[in-house]
Amino acid sequence: MRATLSPANVSLLSTVAQVRTGWVTTVRWSPDGQTIAVATGQQVNLYVRSFGAQPTFRLTGFDAPVKNIAFSRYGKMIATASTDGWLRLWDIRAAPTRSHAFHVGDALTCVCFSGDERRVVAGTGEGEVRVWEIATGAVTVMPDRHAAEVTTVIWDSGWIYSTGRDGKLLRHNVYETEPARVVASYTDALRDLALNTRGRAVHAVSRDGRLNTWSSEGNLRSRVLAHDGGADCAALTANGTLLATGGRDNLVRLWDAKALITSDAEPLTTLHAHAKPVLTAAFNPLGTMLITGSGDNSVRLWSVEERNNAGN
């Protein structure tokens, strides 16, 4: 039985499964926790109720690397963003290997769904944040943009948070044609973002290796050196208690997310498993497992086995 991960037990995390694949850019869990999606090169591998060498389905047809993937809120669809300039939507329940595509032109770098599954948001290599109405194909370009590649987009109740290589953390109002609010401006590229809706905070990792935590209003709460050589990814448990980061030092670190909201903190534990930079990470919805993907072409599944002391 797998234990729910918490600051008290993360030091017991161990690898329970590993898959060797191509260059990994993104790993994601479905909302029901039954499917793992791994973007690797010019395809996406789906593992349904299993995790092994052979995926259940492969999403193919890309003409360039897949940079990012996202599940819709209820798990009906997957959106993929690739540098071939196509945003693709996959109905994974009805026809998992066929997609509906929107041509963008610019390279797409990140993607997410709206909470009602009616819109999909994508960031481009040119710094734009675009919103598509799935039913009509209508596109809205947010009036403010980043000065460099958009690295993350997250939907939050009519707001879109975005980070970029320009060091900006922006908050866009989907329903008003007004300039985005600059929540924070950093001195180096922001590579990934985790939004803590329970703590009303944002955790962003940067090229200089820092883990930065701001309030949703832009007040700096903490800033710690997370990874020597640069930090690449951040992932938060659904209950907002644990944060995982990965970076160029080939390490995964686990943090008490609540502690970071109030002050600088030390990592709870460090995972030594990958031979190259850790580029992506995600927790399952129950908060019992962590998945990490690396430039060493491996994806690892981590958990804590709950001990049964009955009869002892």
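Yes/no matrix, rows are residues, columns are (1) in contact with a His (Cβ under 8 Å, 6 or more places away or on another chain); (2) farther than 27 Å from Ala180 by Cβ; (3) surrounded by fewer than 24 Cβ atoms within 10 Å (Cβ to Cβ); (4) hydrophobic (A, V, I, L, M, F, W, C):
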{"position": "Ala204", "(1), (2), (3), (4)": "no, no, no, yes"}
{"position": "Gly209", "(1), (2), (3), (4)": "yes, no, yes, no"}
{"position": "Ser216", "(1), (2), (3), (4)": "no, no, yes, no"}
{"position": "Cys233", "(1), (2), (3), (4)": "no, no, no, yes"}
{"position": "Gly240", "(1), (2), (3), (4)": "no, no, yes, no"}
{"position": "Ala244", "(1), (2), (3), (4)": "no, yes, no, yes"}
{"position": "Arg248", "(1), (2), (3), (4)": "yes, yes, yes, no"}
{"position": "Ala259", "(1), (2), (3), (4)": "no, yes, yes, yes"}
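Counting the residues of region 35-54 that are assigned to a loop (DSSP other than H, G, I, E, B) and either at pLDDT 95 or above or hydroxyl-bearing (Ser, Thr, Tyr) (or both) gives 1.
All of Val183, Val129, Val174 fail the test of being more than 25 Å from Thr35 (Cβ to Cβ), more than 19 Å from the chain's Cα centre (by Cα) and crowded, with 20+ Cβ neighbours inside 10 Å, apart from Val183. Candidates are the residues of region 146-160 that are surrounded by fewer than 20 Cβ atoms within 10 Å (Cβ to Cβ) and aliphatic (A, V, I, L, M); the one that is farthest from the chain's Cα centre (by Cα) is Ala147. Within region 2-16, not a single residue is assigned to a strand (DSSP E or B), buried (at least 21 other Cβ atoms within 10 Å of the Cβ) and touching a residue at least 60 places away in the same chain (Cβ under 8 Å). The selection criterion, being of a type in the set (S, T, N, Q) and either crowded, with 20+ Cβ neighbours inside 10 Å or touching a Pro at 6+ places or on another chain (Cβ under 8 Å) (or both), holds for Thr163. Would you confirm whether or not region 206-221 contains a residue that is touching a Phe, Trp or Tyr at 6+ places or on another chain (Cβ under 6 Å), at pLDDT 95 or above and under 13 Å from Val129 (Cβ atoms)? No, there is no match, as no residue in region 206-221 is touching a Phe, Trp or Tyr at 6+ places or on another chain (Cβ under 6 Å), at pLDDT 95 or above and under 13 Å from Val129 (Cβ atoms).
Within the option set Phe113, Phe71, Phe57, being at pLDDT 95 or above and in contact with a Pro (Cβ under 8 Å, 6 or more places away or on another chain) holds for one residue only, Phe71. Of the strands (runs of 3 or more DSSP E) entirely within region 227-312, those holding at least 2 residues that are more than 21 Å from Gly52 (Cα to Cα) occupy 231-236, 242-247, 251-256, 269-272. Of all residue pairs spaced 6 or more apart or on separate chains, those with beta-carbon atoms under 6 Å, a first member in region 48-67 that is more than 25 Å from Asp84 (Cα to Cα) and a second member that is modelled with pLDDT of 90 or more and small (Gly, Ala, Ser) are Phe51/Ala17. Only one entry in Trp86, Trp132 is of a type outside the set (Lys, Arg) and in contact with a His (Cβ under 8 Å, 6 or more places away or on another chain), namely Trp86.
The residues on offer are Ala281, Ala273, Ala244, and the sole one that is at pLDDT below 95 and within 15 Å of Thr15 (Cβ to Cβ) is Ala273.
The values are calculated or read from the model by the stated rules, or taken from the named source; none is laboratory data. Only a predicted model underlies this, so the values are computations on that prediction, with no experimental measurement involved. Ideal geometry is used to build each Cβ from the backbone, glycine not excepted, and the neighbour counts take in all protein chains shown.
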